[in-house]
Amino acid sequence: MSEIKSRSIKENSEVLMHFSIRLADGSAVDSTKVDNKPAKFVMGDGSLTPGFEECLVGLSEGQSETFTLAPESAFGLPNPDNIHHLELSKFSSDVPAEVGTIISFTQPDGSEIPGIIREVIADSVTVDFNHPLSGQTLTFEVDVLEVLN
């Protein structure tokens, strides 16, 4: 009898996996296990950072792995060009400018981008459009459930 060989992740593989993300202090940021809804994606489709994908290549079905990524390999470093100052009058009672709030802003092309309110001083609101996890060293825990193709 031939042995059934589990498939390994390679370029263009379709992958079903659970993952958890932790900050350097160990606090959990995100986990697919909370709602028991594993993530499904195709390697190279842009849904994961290249540094994260590099860590997944070669992992097999049923394998669990933990790896830590520096900001450059995770969600990047904060870009000062992604911090904007808006007039307080652009906000309303429905969408107040409160520090720490994440608000979805509509771009000129109609797409939406999240921004974090960092500071409110007089009539000026500082909005950070960098990824909320940019600049963070992150630990990823992955459980590879299935590898297709």
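Bear in mind that the values in this text are calculations on the coordinates, not laboratory data. Everything numeric in this text was worked out from a predicted model, so none of it was measured. With ideal geometry, Cβ positions are generated from the backbone for all residues, glycine too; neighbour counts draw on all protein chains shown.
Quick notes on this structure:
- Relative contact order of the chain, defined on C-alpha pairs under 8 angstrom at six or more residues apart (%): 35
- Placing a pseudo-label 7 Å from each Cα along the Cα-to-Cβ vector at I102 and F41 gives an inter-label distance of 1.5 nm.
- Distance from the C-alpha centroid of region 116-130 to that of region 2-71: 34 Å, rounded to the whole angstrom.
- Using θ = phi - 60° and Karplus 6.51 cos²θ - 1.76 cosθ + 1.60, couplings along region 108-117 (whole Hz; Gly, Pro as x): x, 7, x, 6, 10, 9, x, x, 9, 6
- In order through region 13-26: 3J(HN,Hα) via Karplus (6.51 cos²θ - 1.76 cosθ + 1.60), integer Hz, x for Gly, Pro: 5, 8, 10, 10, 8, 9, 9, 10, 10, 10, 6, 4, 7, x
- Among V29, V120, S60 the positive-end extreme of the charge dipole of the chain (Cβ point charges): S60
- Computed over region 1-117, the P(r) curve from all C-alpha pair distances, binned at 10 Å from the origin, holds 10, 30, 30, 21, 7, 2, 1, 0 percent per bin.
- Shown in residue order for region 49-54 are the 3J(HN,Hα) couplings computed by the Karplus curve 6.51 cos²θ - 1.76 cosθ + 1.60 at θ = phi - 60°: 6, x, x, 5, 4, 4 Hz (x for Gly and Pro).
- Difference of contour (0.36 nm per residue) and Cα-Cα distance, V95 to S27: 21.6 nm
- V95 sits among other residues whose Cβ lies under 15 Å from its own Cβ, and their net charge, with Lys and Arg +1 and Asp and Glu -1, is -3.
- Computed helical MRE - 222 nm, the chain, DSSP H runs ≥ 4 contributing -39500 (n - 2.57), nearest 500: -1000 deg cm²/dmol
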